[in-house]
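Each remark here refers to the structure printed beneath this line.
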């Protein structure tokens, strides 16, 4: 009985041990929890496993969920690898030796959960899941429907469609944001609001999304100055949020007139002879038709512009512009006025009127007058030189040089370009006066020479040349110039040529000298020769001086040497002896001193030796 009991206990223990071993046996599967991939690229899903004990056989399955149930798409067993047919992924799946699953190319529908399941015989099985996320960047958003004009209405109960923003082919679904002047508009879907958006999404056959957002607004006049655009915001791998913006656009708004503006286009004061442009416009859109008036006279304008050509002082006055905007609200003033001032300067009148004739030595007085719309100035000028800053010019004791054209210039400083002028010609009568003469030169005796004789005087002087030659006369201003060409004979080179100018009041004459030109080449050669001779002489003197100094130095050395040999230079010998008798041995000391100083130093040396 006891043996039977012990046998049963042993069997129970064995069964318990086997059950415990089975319960403790396990399989661990490791995968990448999430794999991100862009549509069209390749996704690799790793899978590995570990067991608590050796087990066989091992089978690895890759599965997906379809209609709530798992479906195998690939496997590996002791018989090899396999890819299941009829999954829609068969042609794009491969399974590697490392048990990883590769999908290429990735499609949008590949975004789902994948299970790697490992079955290890008696150890049982285990699995783990990988989430595949697919991304695809959308196309640049396009704006449509913004080419229609929108009427700005005072009715606040309805909003108008402004534009549509369309972004195609994105995954996952993107987000569309509207901007006004670089500021995002709040995303409002309530159609009772003044500004709201209606979004819509279409899933294309490719599985990609096309997003559309329609913007509704109750625009105001200031919105015509604003710039709008939309932006599509989308996700990409690694938690990236990216944006792509549409082209910018402005609204075409229609609104009635509230104010009229009437202005003169020309900057600065208007003067007689100017073309004047007046412009009338409103703050409405489109611009209405306009009518122009001067007092009760209707003027012809075009598209808000009134042109007046070559205005005169008669064109000055009050002008009126009227805008014909029948949509404007009651109480809006549709007319504006403009005052036009036209500056003028009357022609300058000169007294006495020219031409004037005065005798040499007389006093001449000239006056000029004018009238203007503003303060003006009067200046008398002759040959661009200002002679008077008033309207009066007095010339006392006039000379022949005072003859000429005198100009009176009137101007209005406050109006640039407004000036007028008048002139008078003054002629001075008197005998001729010849200007300073210019002498003539010829290359050699018998050559031809040309001389000019210039004279003032009225009546115009006549000329006589002595000796005579080929003559011509020209007039420059109030001068008469006589030109003669003749032979430079010996008599001409000696006595010169006489020019005589005369009229009914008298005569004047000048003697012109005629000389032979010096040859510049010969003069240059002569100067060069003289300079070279001077330089050569100077160099020779330097050489002679150096030679003499050298000879004197040699004679002095020879004399000193001769006197030393004859014993005439006793101081030198004594010094040499004294030095030799000292403590300096094996050396030679040579001293050159004056006689007295040498004797004194020799005595001192002898005394020193005696004391020793």
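The values are calculated or read from the model by the stated rules, or taken from the named source; none is laboratory data. Keep in mind it's a predicted model, so treat the numbers as computed, not measured. Neighbour counts run over all protein chains shown; Cβ positions are idealised from the backbone, glycine included.
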Among the residues of the stretch 492-503, is any out of contact with any strand residue (DSSP E or B) (no Cβ under 8 Å at 6 or more places or on another chain) and within 30 Å of residue 273 (Cα to Cα)?
no
Would you mind telling me which numbered condition in (1) under 42 Å from the mean Cα position of the chain (by Cα); (2) exposed (fewer than 13 other Cβ atoms within 10 Å of the Cβ) residue 137 fails?
(2)
Give 445, 487 a once-over and let me know the one that is outside the structural domain of residue 403 (by TED's automatic domain parsing) and either in contact (Cβ under 8 Å) with a residue 60 or more places away in the chain or on the phi > 0 side of the Ramachandran plot (or both).
445
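Here is a yes/no grid of residues against (1) farther than 30 Å from residue 27 by Cβ; (2) part of a strand (DSSP E or B); (3) not assigned by TED's automatic domain parsing to the domain that holds residue 190:
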| site | (1), (2), (3) |
| --- | --- |
| 128 | no, yes, yes |
| 131 | no, yes, yes |
| 147 | yes, no, no |
| 153 | yes, no, no |
| 156 | yes, no, no |
| 161 | yes, yes, no |
| 164 | yes, yes, no |
Note on the stretch 472-486: residues surrounded by 15 or more Cβ atoms within 10 Å (Cβ to Cβ) and in a strand (DSSP E or B) are 479, 480, 481, 482, 483, 484, 486
With the requirement that a residue be crowded, with 17+ Cβ neighbours inside 10 Å and at pLDDT 95 or above, what does the stretch 234-251 give you?
234, 235, 244, 246
Note down all Cβ pairs under 6 Å where the first residue falls in the stretch 140-155 and is on the phi > 0 side of the Ramachandran plot, the second is surrounded by 12 or more Cβ atoms within 10 Å (Cβ to Cβ), and they're at least six residues apart or on different chains.
145/163; 145/164
Within the stretch 341-348, is even one residue surrounded by 12 or more Cβ atoms within 10 Å (Cβ to Cβ) and either free of Cβ contacts under 8 Å to residues at least 12 places away in the same chain or within 30 Å of residue 399 (Cβ to Cβ) (or both)?
yes
Identify all residues within the stretch 81-95 that are loosely packed, with under 12 Cβ neighbours inside 10 Å and either closer than 19 Å to residue 48 by Cβ or touching a residue at least 40 places away in the same chain (Cβ under 8 Å) (or both); write none if there are none.
none
Is it the case that some residue within the stretch 448-471 is at positive phi, in a strand (DSSP E or B) and more than 60 Å from the chain's Cα centre (by Cα)?
yes
Listed by range, strands (runs of 3 or more DSSP E) wholly within the stretch 257-318 having at least 3 residues that are at negative phi, touching a residue at least 12 places away in the same chain (Cβ under 8 Å) and more than 39 Å from the chain's Cα centre (by Cα) are 289-294
Going residue by residue through the stretch 375-382, is there one that turns out to be within 15 Å of residue 427 (Cα to Cα) and either surrounded by fewer than 18 Cβ atoms within 10 Å (Cβ to Cβ) or out of contact with any helix residue (DSSP H, G or I) (no Cβ under 6 Å at 6 or more places or on another chain) (or both)?
yes
Could you say whether any residue in the stretch 213-222 is without any contact (Cβ under 8 Å) to a residue 24 or more places away in the chain and more than 24 Å from residue 167 (Cβ to Cβ)?
yes
Looking only at the stretch 321-337, which residues are surrounded by fewer than 17 Cβ atoms within 10 Å (Cβ to Cβ) and assigned to a strand (DSSP E or B)?
324, 335, 337
Residues (outside any loop (DSSP other than H, G, I, E, B) and free of Cβ contacts under 8 Å to residues at least 60 places away in the same chain) located in the stretch 29-60:
44, 48, 50, 60
Looking at the stretch 400-418, can you tell me whether even one residue there is in contact (Cβ under 8 Å) with a residue 40 or more places away in the chain, surrounded by 13 or more Cβ atoms within 10 Å (Cβ to Cβ), over 28 Å from residue 354 (Cβ atoms) and outside the structural domain of residue 353 (by TED's automatic domain parsing)?
no
The lone condition residue 226 fails out of (1) outside the structural domain of residue 315 (by TED's automatic domain parsing); (2) on the phi > 0 side of the Ramachandran plot is (2)
